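Single-structure report; data block below.
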Amino acid sequence: MVSDRIGTLYGIGVGPGDPELVTVKAANILSRISCVFTASSGANDHSIALKIARSHLRHADATHLPFPMTRDDAVVAQAVLENARRIVSVLKKGEDAAFLTLGDPLTYSTFGRLVPALRGLLPEAKIATIPGITSYHAAAASLDLPLVQEEESLTVLSGATGAERLRDAVMVSDTVVVLKVYRHAARIFATLEQLGLLDHAILVTRCGLEGERIVTDARSLKDGPIPYLSLLIVRASPQAF
Ligand SMILES: C[S@@+](CC[C@H](N)C(=O)[O-])C[C@H]1O[C@@H](n2cnc3c(N)ncnc32)[C@H](O)[C@@H]1O
């Protein structure tokens with residue numbers, strides 16, 4: 001049924017793992033919302049964000065939206081559009097909905113692609129982004145490690161294609177964070193070794209989740225597989241950790 005009222009879509013960052021790192025604002029919305037969307041890779045319906053949010057939900061139905069893990073832009077754009085249509089059909093009924101993201105919704109998240117698609121389909125829809133604690137802020141907290149101090153600078157990189165910008169980043173940043181390390185970890189570690197920074201790198205896996213692991217000896221990781229939920233914090237300035 002189409003309603004006069006258009007619902008609000010909340011893009012909710014649920015933080016990196018620990019349900020206690022869900023913000024009060026996010027928890028309040030989750031406790032009253034009845035429609036929750038999460039991203040799934042298409043191959044399965046596994047959503048870590050939903051698991052994190054679960055204890056805050058009271059009466060919500062969760063729908064997994066398939067976002068194929070591919071670098072084919074046309075396939076991704078089609079999935080974004082189809083998923084945006086599904087969300088729009090809820091908002092048009094006057095219902096509010098939440099789209100859950102791991103960490104922060106505007107940091108390497110599908111939500112960043114959904115927003116323009118939703119605005120195109122339903123310009124009058126209200127979108128409210130609820131920021132979340134990012135994986136790397138939680139990782140730095142696990143290590144009690146300042147990311148930047150005083151006049152220092154921080155660069156956040158994607159390792160999805162091998163952290164091609166790593167060489168440039170270490171020239172201009174004191175600390176470099178690399179997310180999505182898992183697929184091209186060997187290449188990333190090789191680059192760090194060439195730059196003389198392998199001993200300046202710390203890998204954090206499953207931060208705040210069961211099986212959290214912190215590896216300060218990055219050399220020991222060079223040949224092994226790296227899990228999806230892993231990130232690197234690299235101290236690029238001469239002063240190591
Ligand atoms: C698609 S990005 C999502 C980033 C997220 N929106 C954020 O704010 O941190 C997925 C990557 O985030 C990092 N990540 C997310 N949660 C993590 C966790 N609990 N522990 C370690 N790395 C995590 C990993 O590098 C993973 O490959």
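Things to note:
- Odd one out for T107 among (1) surrounded by fewer than 19 Cβ atoms within 10 Å (Cβ to Cβ); (2) in a loop (DSSP other than H, G, I, E, B): (1)
This table checks each residue for (1) away from the ligand (no atom under 13 Å from the Cβ); (2) more than 17 Å from L145 (Cβ to Cβ); (3) under 20 Å from the mean Cα position of the chain (by Cα).
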position: A190; (1), (2), (3): yes, yes, no
position: T205; (1), (2), (3): no, no, yes
position: T216; (1), (2), (3): yes, no, no
position: R219; (1), (2), (3): yes, yes, no
position: I226; (1), (2), (3): no, yes, yes
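- Criterion applied to A26, A49 was being touching a residue at least 60 places away in the same chain (Cβ under 8 Å), assigned to a helix (DSSP H, G or I), within 15 Å of the ligand (Cβ to nearest atom) and not assigned by TED's automatic domain parsing to the domain that holds S142, and the one residue passing it is A26.
- Test: residue in the range 66-82 that is assigned to a strand (DSSP E or B) and more than 20 Å from G208 (Cβ to Cβ): yes
- Residue in the range 81-96 that is within 13 Å of the ligand (Cβ to nearest atom) and either closer than 22 Å to H137 by Cα or surrounded by fewer than 21 Cβ atoms within 10 Å (Cβ to Cβ) (or both) present: no
- Test: L147 is aliphatic (A, V, I, L, M), modelled with pLDDT of 95 or more and within 23 Å of P227 (Cβ to Cβ): yes
- Some residue of the range 111-122 being touching a Ser or Thr at 6+ places or on another chain (Cβ under 9 Å), assigned to a helix (DSSP H, G or I) and more than 16 Å from the ligand (Cβ to nearest atom): no
The values are calculated or read from the model by the stated rules, or taken from the named source; none is laboratory data. Keep in mind that this is a model prediction, so the values were computed, not measured. Neighbour counts are summed over all protein chains in view; Cβ atoms, including those assigned to glycine, are modelled from backbone coordinates with ideal geometry.
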